[in-house]
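K.L.:
Structure below; questions to follow.
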Amino acid sequence: MKNLSKVGLAVFLLSASVSAAAEPIDLAARRELFVDHYLIDKLDGARLQLHRPVRRNIALKLDQPWEGVYCGYFTVIRDDTIPSGKKFRMYYRGLPANKKGEADHSRGEVTCVAESADGITFTRPKLGLYESGGSKDNNIILAGSPACHNFSPFLDSRPGVSTAERYKAVGGNRRTGLLPFVSADGLHWKPLRKGPIITGGAFDSQNVVFWSPVEKLYVSYYRVFRQGKRSIARTTSKDFLTWSKPVDMSYGDTPREHLYTNQTHPYFRAPHIYISLPKRFAPGRKAHRPEHDGPLVISKTYAGDVSEGVLMTTRGGDRYDRTFMEAFFRPGRDPANWVSRTNMAALNVVPTAPDEMSIYYSQHYAQPTHHILRTTLRTDGFSSLRAGYRGGELLTKPLKFSGTQLEINFATSAVGSVRIELQDPSGKPLAGFALADCNESVGDRIRHVVRWKAGNDLSEIAGQTIRMRIVLKDADVYSFRFAATDD
């Protein structure tokens, strides 16, 4: 640690004494990500660093007549049980332009599905379920329902859920409320009941529902308007049909912004952390200049605003954490992405390789070249604990765990390193687990077991209250977990 002044040392010791007296956070064997300050007591020369997804490929061109230029509200679901082997499904709204080239939400909306074996490129199955343009040779799974405007499905992971209701979905508007749908296979859908299950919201964007294995409840996040801004409310249910009194989500001490969608969902490797990828909307903010960038084939309605993706998280309850106010993904150099309502993330981050997760978002909204872009991050790589060449460190709050070894997801430079010290609540290194006892972790690995001179077995201190000191140089730590040896 860098040299501290007497005042700084006193503050540090006071912080340590307060932390030592606090109730320890019981991690059990769950994985923790560095997406917020929940576990952090002190940072010295280190910081939390946001990472931006890497552009990969166009996953789907939205160019069919029944889709049109106003496709929206995308959801990507990975289901390894699909008999065809197409593990990934992408659901979305189809909405062709009317004769004036505008979006007419009162007619023509359908819900479509595309499939993929690898999550890289998607194709349209020919389902033969609904007619469009005189043919059923299409991928439409729902038509003629108000729910088609923003149909939002999820794979219900609740223990004991009926096979006939393994897939569930909601959709609707302010007038209808959110209407419930169920499906056994994700393709053939039927209403669960006539009326809505959730009312009182604006609902005029994508409204999400999922089963939370941590809260043991169905959770919904949906669109409301508050203080003239697009915002988000939350409600919960034990049975998917009867819902609690909604609460407005708060965003900490951050500026109020238009959050057009919320795309909140449990992260697949740490389901107690809900990842949210809202579209941040800036109405009236104009960037495209035809005289500089060339004209776009676009309705004038969608030429005067801009939007982009941001990253938020929540651990349940009524508060989003906005550790990172910067854009998660920007519109970029393409002028066609500096228009209204584009750059909208699909619901769900999904694994597409052992060390990779894919994030999808729309580009060129309301234009003939409208498409879905696939981007990737390393597994757990939304953000990291980072220190530069001069080094830095993190001290956690008091913790308890139930695993037998410490795993980290990390990357260093050729001269960088990560070392970890385990302390008692007062800050004294535990025998055999001091910083000097820790082997340097060097390299780039998704799963790496930390070792000390005496080995990696932590079974003797499992269940005790400890603190963890992470010292790193020119390195990133993305996540950690006190895991069982045979995990």
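K.L.:
Name the residues in the stretch 111-159 that are closer than 20 Å to V208 by Cα, in contact with a Ser or Thr (Cβ under 7 Å, 6 or more places away or on another chain) and touching a residue at least 40 places away in the same chain (Cβ under 8 Å), would you?
P.N.:
Across the stretch 111-159, the qualifying residues are A114, I141, L142, C148, N150, F151, S152, P153.
K.L.:
Which pairs turn up if I take residues in the stretch 226-249 that are at pLDDT 95 or above and crowded, with 17+ Cβ neighbours inside 10 Å and look for partners that are of a type in the set (V, I, T) and not in a loop (DSSP other than H, G, I, E, B) with beta carbon separation below 6 Å, at least 6 apart in sequence or on another chain?
P.N.:
S231/V224; A233/V224; R234/V247; T236/V219; W243/I198; W243/T235; P246/T235; M249/I232
K.L.:
Kindly indicate the residue of the stretch 275-318 that is surrounded by 15 or more Cβ atoms within 10 Å (Cβ to Cβ), in contact (Cβ under 8 Å) with a residue 60 or more places away in the chain and not in a loop (DSSP other than H, G, I, E, B) and also farthest from the chain's Cα centre (by Cα) among those meeting that condition.
P.N.:
By that ranking, first place goes to Y302.
K.L.:
Would you check which residues across the stretch 165-201 are closer than 24 Å to G128 by Cβ and without any contact (Cβ under 8 Å) to a residue 12 or more places away in the chain and list them?
P.N.:
The answer is K190, and nothing else.
K.L.:
Still on this model: Consider S459 carefully, then state whether it is polar (S, T, N, Q), in a strand (DSSP E or B) and assigned by TED's automatic domain parsing to the domain that holds A431. Walk me through how you get there before you give the answer.
P.N.:
Values: polar (S, T, N, Q): yes; in a strand (DSSP E or B): no; assigned by TED's automatic domain parsing to the domain that holds A431: yes.
Considered against the rule, which asks whether it is polar (S, T, N, Q), in a strand (DSSP E or B) and assigned by TED's automatic domain parsing to the domain that holds A431, S459 comes out as no.
K.L.:
Just need a number here: residues in the stretch 91-102 that are within 17 Å of H364 (Cβ to Cβ) and either surrounded by fewer than 22 Cβ atoms within 10 Å (Cβ to Cβ) or among the polar types (S, T, N, Q) (or both).
P.N.:
The number of residues fulfilling the criteria is 4.
K.L.:
Considering only the stretch 403-420, I want to know if a residue exists there that is part of a loop (DSSP other than H, G, I, E, B), more than 28 Å from the chain's Cα centre (by Cα) and at pLDDT 95 or above.
P.N.:
In the first step, residues of the stretch 403-420 are kept if they are part of a loop (DSSP other than H, G, I, E, B); the result is 403-404.
Within this subset, residues satisfying the condition of being more than 28 Å from the chain's Cα centre (by Cα) are 404.
Then drop every residue that is not at pLDDT 95 or above, which leaves 404.
Among the residues of the stretch 403-420, at least one is part of a loop (DSSP other than H, G, I, E, B), more than 28 Å from the chain's Cα centre (by Cα) and at pLDDT 95 or above, which makes the answer yes.
K.L.:
Right, next: Kindly check whether there is at least one residue in the stretch 75-90 that is farther than 30 Å from F268 by Cβ, of a type outside the set (A, V, I, L, M, F, W, C) and surrounded by 15 or more Cβ atoms within 10 Å (Cβ to Cβ).
P.N.:
no
K.L.:
Restricting to the stretch 330-351, and then to whatever is buried (at least 21 other Cβ atoms within 10 Å of the Cβ) and assigned to a strand (DSSP E or B), can you tell me which residue is farthest from the chain's Cα centre (by Cα)?
P.N.:
My answer is A345.
K.L.:
So, one more: Which residue, of D457, D380, D424, D437, is modelled with pLDDT of 95 or more and on the phi > 0 side of the Ramachandran plot? Outline the logic, then answer.
P.N.:
Details: D457 fails: on the phi > 0 side of the Ramachandran plot; D424 fails: on the phi > 0 side of the Ramachandran plot; D437 fails: on the phi > 0 side of the Ramachandran plot.
Just a single option satisfies the conditions, and that option is D380.
K.L.:
Show me the strands (runs of 3 or more DSSP E) entirely contained within the stretch 20-117 in which 3 or more residues are at pLDDT 95 or above and within 30 Å of D474 (Cα to Cα). Walk me through it before giving the result.
P.N.:
Details: elements: 31-33, 40-44, 47-50, 54-61, 72-78, 88-94, 110-116.
Hits in the stretch 20-117: 31-33, 40-44, 47-50, 54-61.
The values are calculated or read from the model by the stated rules, or taken from the named source; none is laboratory data. What you see is a predicted model; the values in this text were computed from it and never measured. FYI the Cβ positions are ideal-geometry reconstructions off the backbone, even for glycines, and counts take in every protein chain you see.
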